[in-house]
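FYI, it's all coordinate maths here, none of it is from the lab. Quick caveat: nothing in here was measured; it's all calculated off a predicted structure. Cβ placement follows ideal geometry from the backbone for every residue including glycine, while neighbour counts extend to all protein chains displayed.
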Amino acid sequence: MIGGSMSEAQTLANRTHMNWGPIALTAIGAIMAGLAVNSAMQPAELPYQRTIVDAAPETYAALSLPASDPAMSVKKLEWSVSSVREPIATAVVATDADGRHVPLDWQNNVTEPVFAADLRMTEVSKVLAAIREHVPENAVVLSWWDLSRKIRLVAQRQAPLDDPYARGLILPTAWQSASGLIDEQENTYWGKGVSEADGKKFTHYIDALLLDEIKGADALRALVPDGKDVYVAVHLSDIWKAAASRHDQIGIAYKDIPSGGQSHSVMKAAKDWIREQKIEGGYAVEPVGNAVRLHYFTGKDSSNLLLAKLLPFSTSNPMQLERFELVYQHRGFWVYKLKG
């Protein structure tokens, strides 16, 4: 459904293949068409080329990277297809002392995310500075593997979770036929340096997010040695990452609604659409370009999961959680302290 708004819920396959709605239909739609053509022409090959070059220091100046680490390098990654002149996605990526690649930002130039949702460097720097301010040095932060790496490298706090399988990467719809090749390429790159034991622990983290609040809190607490304070950092995109890993436990879809520059009217349009479609699960609203994106659950049960309660869905209230105390929030990021 490239080039048109979504009218029916799209559930997730084994990996998330998201049809992110139109923001700039004419220009970006042409790029996505080229991406699809490129994929069709190369069914037995990777549908893209990834290039890696040195990143200019000014591109990551917003972050206070540890200059004392001689093993760290910062690169710019570009994903391109032969039928499109400009890269379809770019990222600034640091490599830490363990050889693990740390995505510092992510920019998509097409309507669908290429492996990750958009993430601005300025947004990341604010969140990491806040974590360093609010989280004591001896505490532990639990988060998705990509955020955990940023917390360890930049905020210099204990964030032990990681994943050798790089679970949660998002594929454009046009690349579904090449998912096996893409998994091999990207999982090898992003999972480098991570042990299988780390992967098992990360599986337990995903399990905990998909329990109810009380059971999930206990499961998260069990991941950290006794005596240490536990913090949990989540981002709105984590709901899609979790659904990619556990499509049988969570149903999530989205719809884009043009904003027209008036927040009141767009919120009314969003609520009207939810009511007309008889959506019974919770929904969250995210500004995206000149539109707002409704992330909505396709069933009631998903609204009761811990991860849904930690994020700003209409069926949750982060200020009324029993086991989690909100300590910081910025745009799509939410940071909590686990009680007990």
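Quick notes on this one:
- In this structure, the amide hydrogen of I252, modeled 1.01 Å from its nitrogen in the peptide plane, lies closer than 5 angstrom to those of L12, T298, counting only residues at least 5 positions away or on a different chain.
- Summarising the amide proton neighbourhood of A116: residues at separation of 5 or more, or on other chains, whose placed amide H is nearer than 5 Å comprise I170.
- For q = 0.13, 0.24, 0.28 Å⁻¹, Debye-computed log10 I/I(0) when each Cα of region 124-198 counts as one equal scatterer: -0.48, -1.02, -1.21
- Over all Cα atoms in region 235-289, the spread is summed up by Rg and Dmax: 13.0, 37 Å.
- Aspartates and glutamates with Cα under 20 Å of K300, excluding same-chain neighbours fewer than 8 positions away: E8, D207, D212, E213, D238, D248, D272, E276, E280
- Our Cα-only numbers for region 80-229 put the radius of gyration and Dmax at 16.7, 56 Å.
- Averaging over all projection directions, the Cα-based convex hull of region 63-133 occupies 5.9 nm² in the image plane.
- Dipole axis of region 203-340 (+1 Lys, Arg; -1 Asp, Glu on Cβ), positive-most option in Y231, S259, L310: S259
- Label-to-label distance, nm, for residues given as E86 and I52 (7 Å Cα→Cβ offset): 2.5
- Highest-first packing order for the peptide set 292-298, 270-276, 187-193 is 292-298, 187-193, 270-276, based on the mean count of other beta carbon atoms within 10 Å.
- The count of lysine pairs in region 215-269 whose Cα atoms are under 21 Å apart, excluding pairs fewer than 8 places apart on the same chain, comes to 4.
- Rg/Rh for region 201-340 stands at 1.00; both radii use Cα atoms, and Rh follows the Kirkwood definition.
- Net length available on complete extension from K278 to E196 is 25.2 nm, with 0.36 nm assigned per residue and the Cα-Cα distance removed.
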